[in-house]
Amino acid sequence: MRLSIPVILSLITLGCGAGEQDPPASDAGTSVADRTDEPASPEVRGETLEALSSGGMFIARITPLVDPMPMNEAFSVSLSLIDPESGAPFDAYDAVSIDARMPAHKHGMLRDVGLTPQEDGSMRADGLLLHMYGHWELHVDVQKGARFERAQVSVRLQY
Amino acid sequence: MRAGVLPWLASATLLIAVACGPAPEGPAAPVETAVPFSEAQVRRILQMSPLPPLPADPTNRFADNALAARFGQALFFDERLSADGEVSCATCHDPKRGFTDGRQLAMGQQVGNRHTPTLWNVAHHRWLTWDGRADSLWMQALDPLEDTREMGTTRGMLVRVIADDPALLADYEAVFGPLNRAALGGRPDDARPARGRETAQGPAAPEAVQAWAALDDAQRAAIDEVFVHAGKAIAAYQRLLVRGDAPFDRFVEGLRENDAEKVGSLSPEAQRGLALFMGRANCVLCHSGPNFSDGEFHNNALPTLHGGEARDPGRFDGARVVAGSPFNAAGSYSDDPDGPAALRVRQLRQSSEAWGEFRTPSLRNLNHRKPFMHQGQLEDLASVIEFYSELEGATGRGHHQEQVLVRLRLTVGEKRDLSAFLAALEGSQAAPGLLAPPSQSAPGR
């Protein structure tokens, strides 16, 4: 079982018996309507990483579907492409792919991680594997006609 | 493996204690270690032990079947499963030599091109052999049987050996049900399909390949079924070849339990070696996790046995072989063709950067395993440490290949400390019943 920090803190509260009640929704800074936008069974998600592509064609938003990103265990991410000018989803491309590399070591995952379209317009990639501690770069490459652009985010896997 | 969970668990426990009222006694002072490890170092150390339970292998539904393991153990030591009747799996994977053979290059029917890797803790690897040409133990077990340099038999002959030996047949049928008699029709004794490059270069055993081609589809399928069952049984046996509980594991237990006696299991010399392993030498970069291997592939620029530049493509070719095999995790013989292992093999990419890469070996249970490296080119552990210290004789690498190593320039004392730490990774002894054919020993489990 993997325990995130919030889960552990929840366990602390439970472990001490009756504590303070949850504040009413109106005091919690999050409306009920906002909450209904969440999936029925929200997945654990890490911090969204965002980068503008090399030529400004798109913004890539990568959200790990696990927190933190594990070392040497396969994991999944959600990928959204955004039009930088309109903020709308960017889908005017011919091909898109995601990969991960360690620039200092000149090696990567050696896996072709496919992208599966999701109902909300995002894409899901399964099977990413960061097998060493250190600095990794996640690349999102988009081809549109003869134009190729890359958006790149850095990740440091630490003990 | 997950970074940072244990400290948070520890912190959470502390917070619970604080929030729920004073503990009856104050927390014990942390146990003293010969080396003053920092909190971050302790966090790293805790991730390196104990050896976890074996990962499940859903591609083999017999993986944890005791009868299958016993049958597989019998096959493992059976020299009849070779072209000349004198070579078994145990010839190269000799239990008395750490499940290797003490030779630089394996010697079966002919001399091979690589050193025999150990089988200790082999089930903890996601890819098998030096180049990862198999993605399961059972797939790997099939390959040497028909490799003309190794055992050089055929799947047709394997079926015949099982069918003609009443005891072996009974053990087979107790696990897998009645042997498919369609496998025995005609004379398929020396029948096998062409292997990999043989297709282009001409088969090494042309008569066996012709005999295979002459069989009908039903008979070929029946033979393949028995062949795969044999592989899955050998895999079930190999899953038992696990040795943890090394002095290092007791040391880590001591850190967890604040037990000074257990912490004393690791000598001051070995503790300094551990600090070096995680620190300046950074061996842990590839030898990570409780099995001391990341399970992946690296090019460590080793001098070659033949001199000059490396010629072995390593993972570059291994990726091609496993992806194209009908026996991989995604194939029709897999018991989980849509599972995680199948996804892994479907996603494999054959990339030039994998050229000359070999799988990181586990550093547990190094006794009796010399020589080391994929060609056995380094005669002992001292030579291995010396190589990583000075990188003398390192072969050149192309600009597109991995660059992990740096010259460490270790002192004499540091080399001694590192050796002491590696010696502390020697696990407890395996059950003697696993180290000989089942007829000469107690059952495998």
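Structure above, values below:
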read-out: Cβ-based charge dipole, the range B:66-241, positive-most Cα from B:L67, B:F176, B:V161; value: B:L67
read-out: Contour minus Cα-Cα distance for B:R149 and B:S352 (0.36 nm per residue); value: 70.4 nm
read-out: Peptides B:112-123, A:51-62 ordered by average Cβ neighbours within 10 Å, highest first; value: B:112-123, A:51-62
read-out: Relative contact order %, chain B, counting alpha carbon pairs below 8 Å whose residues are six or more apart; value: 22
read-out: Choice from B:R70, B:R195, B:R359 showing the highest fluctuation, given a GNM over chain B with Cα pairs closer than 10 Å; value: B:R195
read-out: Approximate spin-label separation A:R147-B:S38, in nm, with each point projected 7 Å along Cα-to-Cβ; value: 4.6
read-out: Shape call, the range B:66-241: gyration tensor on alpha carbons, a/c limit 1.5; value: oblate
read-out: At R0 = 45 Å, FRET efficiency that the Cβ-Cβ distance of B:R103 and A:D83 yields, to 0.05; value: 0.15
read-out: Virtual spin-label span in nm between B:E379 and B:H306, 7 Å along Cα→Cβ; value: 2.3
read-out: Inter-label distance for B:A221 and B:N113, nm, one decimal - labels placed 7 Å from Cα along Cα-to-Cβ; value: 3.5
read-out: C-alpha center-to-center spacing [the range A:53-129, the range B:45-72] in angstrom; value: 33
read-out: Ellipticity estimate at 222 nm from DSSP helix runs (n ≥ 4, -39,500 (n - 2.57)) divided over chain B, nearest 500; value: -11000 deg cm²/dmol
read-out: Potential lengthening between B:Q403 and B:A167 on full extension [0.36 nm per residue; Cα-Cα distance subtracted]; value: 79.6 nm
read-out: Within 10 Å of each Cβ in A:60-70, the average number of Cβ atoms from other chains; value: 1
read-out: Packing-based exposure ordering (other Cβ within 10 Å, fewest first) of B:W138, B:W212; value: B:W212, B:W138
read-out: Mean Cβ neighbour count within 10 Å, used as a protection proxy, ranking B:262-275, B:302-315, B:319-332 highest first; value: B:262-275, B:319-332, B:302-315
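Every number here is computed from the coordinates shown, using simple stated rules; none is lab data. Computed from a predicted structure; not experimentally measured. Positions of Cβ are generated from backbone atoms using ideal geometry, with glycine treated the same way; all protein chains shown enter the neighbour counts.
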